[in-house]
Each structure stands twice: as C-alpha cells, then as structure tokens.
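The values are calculated or read from the model by the stated rules, or taken from the named source; none is laboratory data. As the structure is a computational prediction, the values presented were derived from the model and not from experiment. Positions of Cβ are generated from backbone atoms using ideal geometry, with glycine treated the same way; all protein chains shown enter the neighbour counts. All accessible areas refer to the heavy atoms of the entire protein, side chains included, with ligands and DNA or RNA removed. Shrake-Rupley method; radii C 1.70, N 1.55, O 1.52, S 1.80 Å.
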Amino acid sequence: YADFLGLFGSWVVERIESGMSMGLYINSVVHSVEFSDYLPGILKTIFFGFTIGIVGSYEGYHSTGGTEGVGKSATDAAVTSSLLIILLDVVFVKLTLMLWPPT
C-alpha cells in the first residue's frame, strides 16, 4: 500500500513539475520497477514488527507495580522499540546497499 502511494505521489509531483502524462510515467517508471526493489522494504517491516512484539512482550511480562507499572512498561516498550527500529533500519540500509547496489 505504501509503495503504491509512493509511486502515485511521485507521478503527481512529476505531473505538477513537468506535465508528465500518466502513460509516459507508467512506461518509464512503473515498468522499470522490479520485485527486488520492494523486497528490502517488505523484509524490514517483518523485522520491525518482530522487534515491537518482542520488546512489548518482554516489558509486559516484567511489569510490576499495578496500573502505574503497566503505564511505565508501555512507555519503556515504546521508547526501546523506537530506538531499536532506528538502529535496525541503519543496519538494513547498509545491508541493502551492499546486496543491491544502486545502478
């Protein structure tokens, strides 16, 4: 869904900036995109979701102190997940550039 919106948004920008028709855009951009272009983004979402699930489960399992402790654990889980996702994204970008160098 996000990939589709990205492609559509780029056509809108091209339409505004250079007046490119939808037919020309499809022929020049959409036909040159391969599944391997989407693969890194798809794989990253799987790992990001796994990270959020593991961190949330860990924090929830180790939560103490009643409702106040649950709130603190939820905040800790959100902050820790966000930081880990940023770090994972850096690693995945480096791996992606190594495995699929830009042409």
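Here are some notes:
- Of all accessible heavy-atom area on the chain, the percent that carbon and sulfur account for (1.4 Å): 71
- Rolling a 1.4 Å probe over the heavy atoms of the protein chains gives the chain an accessible area of 75 Å² per residue.
- For a paramagnetic label modelled on L83 (point 7 Å from Cα along Cα→Cβ), amide N atoms under 15 Å away belong, within the stretch 58-75, to 59, 73-75.
- Label separation (I16 vs Y61): 4.8 nm, computed from points 7 Å beyond Cα along the C-beta direction.
- Label of the coordinate-derived value, volume of the Cα convex hull per residue in Å³, listed as (1) 175; (2) 81; (3) 134: (3)
- Averaging 1/r over each pair of different alpha-carbon atoms in the stretch 27-78 and inverting the result gives 13.5 Å, the Kirkwood hydrodynamic radius.
- Loop-located GluC sites (Glu not before Pro) in the stretch 1-93 (DSSP state other than H, G, I, E, B) with a sparse environment of at most 14 neighbouring Cβ atoms within 10 Å: E34.
- If R0 is 35 Å, the Cβ-Cβ spacing of I54 and L5 corresponds to a FRET efficiency of close to 0.75.
- Viscosity 1.002 mPa s, temperature 20 °C, Stokes-Einstein D of the stretch 61-103 from Kirkwood C-alpha radius, µm²/s: 171
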